[in-house]
Amino acid sequence: MTTLQRAEAAEHALSQELDQVVVKSVIYTSGERDPRVAMPRPADQGKRYLMADDPRLPKMPAKPTLLDFFRYRFGPSAHLLQSARLAQKNGVDEKIVLACLLHDIAIAGFIRSDHGYWSAQLLESYVDPEVSWAIRYHQALRFFPDEANGYRYPELYTKLFGEDYVPEPYIQESYRHARDHKWYMSSRLITINDLYAFDPSVQVELEEFTDVVGRHFKQPAEGLGFDQSPSAHMWRTINWPTRYL
Ligand SMILES: [Fe+2]
Ligand SMILES: [Fe+2]
């Protein structure tokens with residue numbers, strides 16, 4: 001058996017224990033497997049397909065808040081917390097502290113590829129437009145140094161992507177657009193405080209930012225995902241990542 005086959009067998013065994021059948025979205029496995037090949041259907045043995053909470057995940061409150069998503073659905077967020085604390089230490093505007101706290105939430109809990117755009121879209125309905133704008137463009141700005149403002153091309157990127165990596169034309173276009181925009185510095189400040197080598201000895205608690213979030217994030221009364229905003233469905237998908245439909 002290949003590693004992938006072994007992983008699939010283990011997963012199959014695990015799903016057998018569930019009362020409902022769980023089917024994965026194409027994007028979860030695209031690349032690991034060829035998305036054009038029909039996904040083998042799990043033997044459902046008369047079981048229903050999951051259309052509710054995934055029993056393998058911690059239960060979310062009925063009206064989830066942004067901090068509930070951090071607690072129950074996002075991966076480890078030390079990078080975000082440490083970036084926000086650094087921004088605070090550097091004395092930036094509180095709005096930018098919030099931007100630093102949220103700049104990579106797509107990586108933390110949704111989709112990694114094009115994370116700046118996804119993060120911005122998740123947040124757009126709930127934050128000042130300058131905050132989501134800054135988050136959208138930080139992805140592109142990370143690839144372009146601005147030494148006059150204290151931002152150098154990250155050594156980590158050279159290590160991760162190689163000396164010869166050249167950002168794709170859409171990233172270069174985004175950069176040019178951002179460079180000439182009145183909010184350029186807000187986005188640049190995210191990159192300046194974007195710690196790429198975080199310190200495992202520094203503990204930052206999410207609760208330190210409760211007030212910043214309270215002041216600058218418009219938490220919908222119905223709960224994130226249930227408020228009919230243009231990105232509510234994205235929050236619902238993070239809440240219920242394995243629903244059949
Ligand atoms: Fe980022
Ligand atoms: Fe980051």
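The values are calculated or read from the model by the stated rules, or taken from the named source; none is laboratory data. Everything quoted here is computed from the prediction, not taken from an experiment. Quick reminder, even Gly has a Cβ in these numbers, built from the backbone with ideal geometry, and neighbours come from all protein chains shown. All accessible areas refer to the heavy atoms of the entire protein, side chains included, with ligands and DNA or RNA removed. Shrake-Rupley method; radii C 1.70, N 1.55, O 1.52, S 1.80 Å.
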(Q) Report every pair of residues separated by at least 6 positions or lying on different chains whose Cβ atoms are under 9 Å apart, first residue within region 45-56 and hydrophobic (A, V, I, L, M, F, W, C), second not in a loop (DSSP other than H, G, I, E, B). (A) Leu50/Val21
Q | Odd one out for Ala178, checked against (1) of a type in the set (A, V, I, L, M); (2) under 21 Å from Leu101 (Cβ atoms); (3) not in a helix (DSSP H, G or I) | A | (3)
Q.
Which count do you get for residues in region 101-113 that are open to solvent by less than 50 Å² (accessible area, probe 1.4 Å) and either over 16 Å from Pro76 (Cβ atoms) or away from ligand 2 (no atom under 11 Å from the Cβ) (or both)?
A. 2
Q | Where Ala140 falls short, out of the listed (1) open to solvent by less than 20 Å² (accessible area, probe 1.4 Å); (2) in a loop (DSSP other than H, G, I, E, B) | A | (2)
Q.
Quick check on my filter: what residues within region 69-85 are touching a Leu at 6+ places or on another chain (Cβ under 8 Å), modelled with pLDDT of 95 or more and open to solvent by 20 Å² or more (accessible area, probe 1.4 Å)?
A. Arg71, Tyr72, Arg73
Q | Test for Arg215: is it assigned to a helix (DSSP H, G or I), within 28 Å of Pro145 (Cα to Cα) and open to solvent by 70 Å² or more (accessible area, probe 1.4 Å) | A | no
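This table checks each residue for (1) open to solvent by 20 Å² or more (accessible area, probe 1.4 Å); (2) within 23 Å of Ser83 (Cβ to Cβ); (3) within 21 Å of the chain's Cα centre (by Cα); (4) of a type outside the set (S, T, N, Q).
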site: Arg136; (1), (2), (3), (4): yes, yes, yes, yes
site: Glu147; (1), (2), (3), (4): yes, yes, no, yes
site: Arg152; (1), (2), (3), (4): yes, yes, no, yes
site: Trp183; (1), (2), (3), (4): yes, yes, no, yes
site: Ser187; (1), (2), (3), (4): no, yes, yes, no
site: Leu195; (1), (2), (3), (4): yes, yes, yes, yes
site: Asp211; (1), (2), (3), (4): yes, yes, no, yes
Q) If Ala221 passes every condition in (1) within 16 Å of ligand 2 (Cβ to nearest atom); (2) surrounded by fewer than 13 Cβ atoms within 10 Å (Cβ to Cβ) but one, which one does it miss? A) (1)
(Q) I need the full set of residues from region 153-167 which are within 16 Å of ligand 1 (Cβ to nearest atom) and in a loop (DSSP other than H, G, I, E, B), in order please. (A) Tyr153, Pro154, Tyr165, Pro167
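Residues that are hydroxyl-bearing (Ser, Thr, Tyr): list the helices (runs of 4 or more DSSP H) wholly contained in region 61-119 that include at least 1 such residues.
Working: elements: 66-72, 78-89, 94-102, 105-109.
So the answer is 66-72, 78-89.
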Q. Got a sec? Which of Gln228, Gln203 is open to solvent by 50 Å² or more (accessible area, probe 1.4 Å), in a loop (DSSP other than H, G, I, E, B), more than 21 Å from His138 (Cβ to Cβ) and modelled with pLDDT under 95?
A. Gln203
Q | Close pairs (6 angstrom Cβ cut-off, 6 or more residues apart or separate chains): closer than 8 Å to Val212 by Cβ in region 82-99, within 14 Å of ligand 1 (Cβ to nearest atom) and part of a loop (DSSP other than H, G, I, E, B) anywhere | A | none
Q) Any residue at all in region 184-196 that is more than 16 Å from ligand 2 (Cβ to nearest atom) and charged (D, E, K, R)? A) no
Q) Quick check: anything in region 198-208 away from ligand 1 (no atom under 16 Å from the Cβ) and out of contact with any helix residue (DSSP H, G or I) (no Cβ under 9 Å at 6 or more places or on another chain)? A) yes
Q. Would you call Phe198 aromatic (Phe, Trp, Tyr), at negative phi and modelled with pLDDT of 95 or more?
A. no
Q: With the condition kept exactly as written, say whether any residue in region 122-134 is within 16 Å of ligand 1 (Cβ to nearest atom), open to solvent by 20 Å² or more (accessible area, probe 1.4 Å) and touching a Phe, Trp or Tyr at 6+ places or on another chain (Cβ under 8 Å).
A: yes
